[in-house]
């Protein structure tokens with residue numbers, strides 16, 4: 001028998017790669033994996049922002065959950081108190097509620113006034129009677145004496161009122177200046193014996 005294989009025999013013994021279609025399940029698994037990866041990145045990747053770090057997943061979450069201090073903390077406190085005492089009437093967005101005669105805070109000249117004296121009086125002792133806000137007359141509404149109704153001693157009330165007004169002025173008053181508890185305490189000391197609501201005329205005659 002010859003030691004050399006014939007051409008036909010060599011072709012028959014040479015290994016060949018079989019060509020088979022990729023299984024459908026593998027393609028589906030790959031697509032699912034890619035989709036899961038995109039969703040995971042969208043939720044947790046922070047879009048490559050260097051300010052976002054574990055365990056935070058986005059800039060928004062970082063701002064909400066990270067401890068804050070100073071004026072930012074004070075304004076955040078005012079926002080919480082506003083939601084408790086004021087939003088039911090003035091609404092979360094400061095737009096007011098015509099149904100109960102509650103005027104808007106957004107763009108109000110009472111909010112954006114140079115000084116906080118008048119709005120401190122309103123929050124502390126309340127106000128009643130037709131009042132003009134942004135060129136529109138609002139009638140029939142009464143602002144309750146929210147400040148006097150707050151729990152705590154006079155110092156705590158002053159701090160809470162200052163926080164609320166600071167939030168209102170910063171949010172609805174064109175980034176107005178913040179109000180200090182000392183300012184609130186001083187105004188409230190002047191009106192401590194008052195037991196009736198302020199009228200718009202009285203407020204206009206009061207110092208800002």
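The values are calculated or read from the model by the stated rules, or taken from the named source; none is laboratory data. Please read all numbers here as calculations on a predicted model, not as lab measurements. Here the Cβ positions follow ideal geometry from the backbone for every residue, glycine too, while neighbour counts run over all protein chains shown.
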Inset, instruction - Report yes if some residue within segment 180-189 is part of a loop (DSSP other than H, G, I, E, B) and touching a residue at least 12 places away in the same chain (Cβ under 8 Å); otherwise report no. - result: yes
Inset, instruction - Please state which one of 115, 176 is in contact (Cβ under 8 Å) with a residue 60 or more places away in the chain, touching a helix residue (DSSP H, G or I) at 6+ places or on another chain (Cβ under 6 Å) and not in a helix (DSSP H, G or I). - result: 176
Legend entry - Flag for residue 93 being in a helix (DSSP H, G or I) and either surrounded by fewer than 14 Cβ atoms within 10 Å (Cβ to Cβ) or outside the structural domain of residue 162 (by TED's automatic domain parsing) (or both): no
Inset, instruction - Looking only at segment 57-65, decide whether some residue is modelled with pLDDT under 60 and touching a helix residue (DSSP H, G or I) at 6+ places or on another chain (Cβ under 8 Å). - result: yes
Inset, instruction - Exactly one condition in (1) at pLDDT below 60; (2) surrounded by 10 or more Cβ atoms within 10 Å (Cβ to Cβ); (3) in a helix (DSSP H, G or I) is not met by residue 37; state its number. - result: (1)
